[in-house]
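Trainee: Quick one: the structure is below, questions incoming.
The values are calculated or read from the model by the stated rules, or taken from the named source; none is laboratory data. Here the structure is a predicted model, which is why all the values come from computation and not from measurement. Virtual Cβ from ideal backbone geometry, glycine too; neighbours counted across all protein chains shown. Remember, those area values only see protein heavy atoms, side chains included, never the ligands or the DNA or RNA. Shrake-Rupley method; radii C 1.70, N 1.55, O 1.52, S 1.80 Å.
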Amino acid sequence: MTFYEIEFPLAALSSEAVEAALLEIGASSITFVDRGDEPVLEPMPGEVRLWSDTLVRALFEASYGSGSGSAETASAEPASTDAARNLGRLAAVLGPHITETARVRRVENREWERVWLTDWKSMRFGRRLWVCPTAAEPPDDPNAVVVRLDPGLAFGTGTHPTTALCLQILDSLPVAGRSVVDYGCGSGILGIAALKLGAAHVWAVDLDPQALLATRANAIANGVSSSIDVQGIEVGLRPAYCVMANILAGPLIELAPTLTEACEPGGYLLLSGLLKVQAYEVKAAYGHAFERAQVVERDDWCCIYARRGA
């Protein structure tokens, strides 16, 4: 099986229109790539953020006719006729500049999922909490608490500093036998980690249906599905001993009354998804109800860790 890739700048085009056009002509996968070095802050669940200079890459399976050329000859080049036809179809929908800026190249046939996971390694957070790929060997540590997770469509594997900070702090909290809220659960990594650390129950909340599906699937894979309720944001929060929200500064400020009310007296609050410069404003939104608030930093990011007054 042979593949080829069509690549072109997104420029002023709508990402939704480009995606629809590529799927219409049979793209197997579509990727949006930063052409420069422009960071995109962690999006809210369900939100898609792109760079100001974005490159579109679409992967296609080559289709060959029944001409007289041998299979070896056919596979030696990209399916130029097929690619040219698809470029023409794209230009008709998106504009003639597509054919002027696009690049076509042959792509080696590989087991892409395995390639993607090559650099996804087991990671430790705190003293005993580990996040490991499902196929990885368990850590050589009898006290290790292991969450099995592979990259997926929902945010959260522990590689981003905001998630890593939450996991690091969570490992130190006395959540055993307690209830936990994971607000903006994404992949469910924080709630599942809490259950692995002994939490009695977790309410995982997200506005993105894909995140809710990912959390359910990951909870099942980790054997904790019976102790987690997955729900949309329209459902009210029950009081919990530990409330975690790894989202963004603006929503965290808006949600201050809701998340404060959800945290039991004497309970813990973890707020992440923040740049260091945003910590003061977010901390101020919760300061009236929480004491001993600390800001833990990693790179340009931070996590606010506080305990509610009794």
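Trainee: Out of all the residues in the stretch 267-296, which are assigned to a helix (DSSP H, G or I) and either among the acidic types (Asp, Glu) or crowded, with 17+ Cβ neighbours inside 10 Å (or both)? Explain how you work it out, then say what you get.
Mentor: At the first step, the residues of the stretch 267-296 found to be assigned to a helix (DSSP H, G or I) are 276-286.
Across the stretch 267-296, the qualifying residues are Gln278, Ala279, Glu281, Val282, Lys283, Ala285, Tyr286.
Trainee: Looking at the stretch 170-224 only, could you name the residues that are under 19 Å from Arg308 (Cβ atoms), open to solvent by 10 Å² or more (accessible area, probe 1.4 Å) and either part of a strand (DSSP E or B) or among the basic types (Lys, Arg) (or both)?
Mentor: Arg178, Ser179, Tyr183, His201, Trp203, listed by residue number.
Trainee: Name every residue in the stretch 1-13 that is more than 16 Å from Ser80 (Cα to Cα) and open to solvent by 20 Å² or more (accessible area, probe 1.4 Å), in order of residue number. Break it down into steps so the answer makes sense when it comes.
Mentor: Kept after step one, since they are more than 16 Å from Ser80 (Cα to Cα), are these residues of the stretch 1-13: 8-13.
Selection gives Pro9, Ala11, Ala12, Leu13.
Trainee: Do we have any residue at all in the stretch 250-266 that's in a strand (DSSP E or B), at pLDDT 90 or above and within 23 Å of the chain's Cα centre (by Cα)?
Mentor: Of the residues in the stretch 250-266, the ones in a strand (DSSP E or B) are 263-266.
With the extra rule that they be at pLDDT 90 or above, the set shrinks to 263-266.
Checking which are within 23 Å of the chain's Cα centre (by Cα) leaves us with none.
Checked against the condition, which is being in a strand (DSSP E or B), at pLDDT 90 or above and within 23 Å of the chain's Cα centre (by Cα), the stretch 250-266 yields no hits at all.
Trainee: A further question follows. Do we find that Ala245 is within 26 Å of Phe290 (Cα to Cα), touching a residue at least 40 places away in the same chain (Cβ under 8 Å), open to solvent by less than 30 Å² (accessible area, probe 1.4 Å) and more than 22 Å from the chain's Cα centre (by Cα) in this structure? Lay out the reasoning, then the answer.
Mentor: Working: within 26 Å of Phe290 (Cα to Cα): yes; touching a residue at least 40 places away in the same chain (Cβ under 8 Å): yes; open to solvent by less than 30 Å² (accessible area, probe 1.4 Å): yes; more than 22 Å from the chain's Cα centre (by Cα): no.
Spelling it out, it is not the case that Ala245 is within 26 Å of Phe290 (Cα to Cα), touching a residue at least 40 places away in the same chain (Cβ under 8 Å), open to solvent by less than 30 Å² (accessible area, probe 1.4 Å) and more than 22 Å from the chain's Cα centre (by Cα).
Trainee: Considering only residues that are open to solvent by less than 30 Å² (accessible area, probe 1.4 Å), over 15 Å from the mean Cα position of the chain (by Cα) and either of a type in the set (Ser, Thr, Tyr) or modelled with pLDDT under 70 (or both), which ones fall in the stretch 14-64?
Mentor: Hits for the stretch 14-64 are Ser15, Thr54.
Trainee: Then there is this: Does any residue in the stretch 79-100 that is in contact (Cβ under 8 Å) with a residue 40 or more places away in the chain come within less than 9 Å, Cβ to Cβ, of a residue that is of a type in the set (Ser, Thr, Tyr) and open to solvent by 40 Å² or more (accessible area, probe 1.4 Å) six or more places away or on a different chain, and which pairs are these?
Mentor: Ala79/Ser63; Ala79/Tyr64; Asp82/Ser63; Asp82/Tyr64; Leu87/Thr99; Leu90/Thr99
Trainee: Given the options Gly188, Gly266, Gly177, name the one that is of a type outside the set (A, V, I, L, M, F, W, C), touching a helix residue (DSSP H, G or I) at 6+ places or on another chain (Cβ under 8 Å) and more than 16 Å from Cys303 (Cβ to Cβ). Can you show your working first?
Mentor: Values: Gly266 fails: touching a helix residue (DSSP H, G or I) at 6+ places or on another chain (Cβ under 8 Å); Gly177 fails: touching a helix residue (DSSP H, G or I) at 6+ places or on another chain (Cβ under 8 Å).
Just one listed residue meets the conditions, Gly188.
Trainee: Here's a follow-up. Evaluate the following for Ala310: is it exposed (fewer than 13 other Cβ atoms within 10 Å of the Cβ), in contact (Cβ under 8 Å) with a residue 40 or more places away in the chain and outside any strand (DSSP E or B)?
Mentor: Numbers: exposed (fewer than 13 other Cβ atoms within 10 Å of the Cβ): yes; in contact (Cβ under 8 Å) with a residue 40 or more places away in the chain: yes; outside any strand (DSSP E or B): yes.
Spelling it out, Ala310 is indeed exposed (fewer than 13 other Cβ atoms within 10 Å of the Cβ), in contact (Cβ under 8 Å) with a residue 40 or more places away in the chain and outside any strand (DSSP E or B).
Trainee: Another one. Answer yes if at least one residue in the stretch 227-242 is open to solvent by less than 20 Å² (accessible area, probe 1.4 Å) and part of a helix (DSSP H, G or I), and no otherwise.
Mentor: No, the stretch 227-242 has no match at all.
Trainee: Restricting the stretch 138-166 to residues that are within 12 Å of Met123 (Cβ to Cβ), open to solvent by less than 10 Å² (accessible area, probe 1.4 Å) and within 15 Å of the chain's Cα centre (by Cα), which is modelled with the lowest pLDDT?
Mentor: Once the filter is applied, the top-ranked residue is Gly158.
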